[in-house]
1. Have a look at the DSSP beta bridges in the protein assembly as shown and tell me what percent are antiparallel, nearest 5.
2. Measuring from the lowest to the highest alpha carbon on each principal axis, how far does the stretch B:263-367 reach, largest first, in angstroms?
3. Between B:ILE128 and B:LEU349, what FRET efficiency follows from the Cβ-Cβ distance if R0 is 41 Å, with the result rounded to 0.05?
4. Restrict the search to the stretch A:149-250; then list the GluC sites (Glu not before Pro) that DSSP places in a loop and that have at most 11 other Cβ atoms within 10 Å of their Cβ.
5. Under a crude label model (7 Å from the Cα following the beta-carbon direction), how far is B:LEU139 from A:TRP253 in nanometres?
6. Other chains' Cβ within 10 Å of B:186-192 residues: what's the mean?
7. Classify the stretch B:207-307: rounded, prolate or oblate, from the alpha-carbon gyration tensor (a ≥ b ≥ c, eigenvalue square roots; a/c under 1.5 rounded; otherwise prolate if a/b is larger than b/c)?
8. What residues qualify as long-range amide H neighbours of B:SER36, i.e. H under 5 Å apart, gap of 5 or more or another chain, H built at 1.01 Å from N?
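Every read-out reported here was derived from the displayed coordinates using simple, explicitly stated rules and does not represent laboratory data. Computed from a predicted model, the values in this text were never measured in an experiment. Virtual Cβ from ideal backbone geometry, glycine too; neighbours counted across all protein chains shown.
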Amino acid sequence: MEKVWSAISGAWDATTESQVWKSVFRHGAVTSNRNRVLVMMSNVFLHLHPVKSRKAGIKLRYTWCMGGITFFLFLVLTFTGLLLMFYYRPTVQYAYSDIIDLGEHVPLGVMRELHRWGAHAMVITVWLHMFRVFMTGSYKPPREFNWGIGVILLVLTLLLSFTGYLLPWDQLAIWAITVGSNMARATPLLGTEGPLTAALKLGEINLVNSGNDARFALLGARSVGENTLLRFYVLHCVGLPLAAAVLMAVHFWRVRKDGGISGPM
Amino acid sequence: MEFFKNAVNWASGPTVLFTLSTVGLLLSFKYTQIWSKKVAYIFFAVFALVYFTSMLDPNFYLIVAKPDNVPITFVLFLVAFFTWYAMYQGVENDKRIEAGEDVLEKQEQEKVWVWPDLVYTELLCMVILGVGLMVWSILLPAPLEQPANPADSPNPSKAPWYFLGLQEMLVYYDPWLAGVVFPTLIIVGLMAIPYIDTNPKGNGYFTFKERKAEIAIFLYGFLVLWVLLVISGTFLRGPNWNFFGPYEYWDQHRIEPLLNVHVSDFFWVRGLGRPLPSNPIVREFLGIILVLFYVGVLPVLMARPREKLPKFLQWISLNKYFQKMGPARYYLGVILFLAMLSLPIKMYLRWAFNLKYVVAFPEIFFNI
């Protein structure tokens, strides 16, 4: 037993002292304060954090880790979403059967489950994160701007979930999107059934009709169909995640610049 | 058992549930001692017991166990838990402040190393969540219904669950308000919070007493006007968007008579006993005045000092806030607040008088 143990620890030492290991991790074992600083500063992922933080601020009972969990879920969704993109084709002809295949013929066929439940979970954790930030008054100066960024991220999360809802192309999907997008018809001035829209007239011609109103812009058609599927797919996989990623970068950066996790003055 | 089920069905009707939640929340602000551990344990035990034994009821199970409704069970329990947790910590800190001590967050001001103190917590969160998500995904397949069929609309057709608050609003307001104006106001209003709220206290720690008004308004908006509507929209709204108690069967053929009347009907037909005037502006003049009063005059009245208001209106005075916040912040805040309150006001008007529109110009889709 002792022999095995010493072999393992010998192998570990040899690994951590090798040129390869040292080229990756520039600091030594994290046993000294110097290395506690270095581990945070020399890692692109960890350097989002400060090196030191107020004790109260990093307690679970204070942050509930909700912001961190939300970010983690975003990463899970990006990863599983990427895998789903290998199999899924956003056309009326293939969409539904590709979803069936995902469950039945693809090895490790829980990617769609992870993606869907993760997405639901992310909506919930975003709400709870905002709720915590409100209840601790963390939106107060100097963090007003970052709260605003957070609100936009909330909207993006909901839009990401909403656009993703259509992609399985089942009854649940198209009718949820139909119900949701019908409201756009009622946009004042910009929707065919919106207040004041009827006033936009050139002679006898209505300037806004069902072929160019706000709902049409959303769906790319007069009803949820092929164009909508493509539009939602592109927004879901490219447009909205990019926007969210950029705003998240701003959000995290501002957390640091505004003084780190909030705490009493 | 039947008696209990009927009682729950009755209590979860929109009128009773909404009123009970509102009153309960307001009482909990007055008697803050209920945000204690003991009350939370009892409440949780009873609620979880009732909720999970209710799964034995076939109608209850059918709705709650529908795959896409499973997250709503999480919402229900998580929001309840974290509301309690935030208020509990706030009340505990309030006791400390009263005793002249520092709040808990202030007592732990020393700086600690992020490695390992924070990084390990994050790692642990990630592992637990990752495992939890895996288990959830293996146990419960993601929902997939019949292939999309534009010719066959299911009844009820529901928006994704997080928008059901807005869909519920459609019962009381037209789509241009419920689907466009109110969502915009919610987003703008949320973003405006830090600029409206000038109270410097309660920044960076849990408290209730130091921020009573802010927390009360936010919790009312979040818990009652958003989460409650999402939950009842998911579990209690059935075919034709009719209301069904949690133990009721979703009968596709149940018809509920709706006798909706407008303010103009009340005034011209029932009040004066004459037909509606043909000129729409004349027809709707009372509703227009009411709406203009609500958004234009009421905020000004509320800004006045108590003694300058007639006796029966003194309770609406928000002069204290007008003084503290200044006109710009005050008017922005009050108008957003009144916009928020317009939802419950319209709800109660509907339930009490079957009122559909205060102002009705169906000709140009302008109904309020």
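1. Values: 9 of 10 bridges.
That works out to approximately 90 percent antiparallel.
2. 48, 30, 27
3. Numbers: r = 47 Å, r/R0 = 1.15.
Computed FRET efficiency for B:ILE128 and B:LEU349: 0.30.
4. Working: sites: A:GLU193, A:GLU204, A:GLU226; in loops: A:GLU193, A:GLU204.
Sparse-neighbourhood loop GluC sites (Glu not before Pro): A:GLU204.
5. Going by the 7 Å Cα→Cβ label model, 4.2 nm.
6. On the way: counts 3, 5, 1, 1, 10, 10, 4.
Partner Cβ neighbours, averaged per residue: 5.
7. Values: a/c = 3.65, a/b = 1.05, b/c = 3.48.
Verdict is oblate for the stretch B:207-307.
8. The answer is none.
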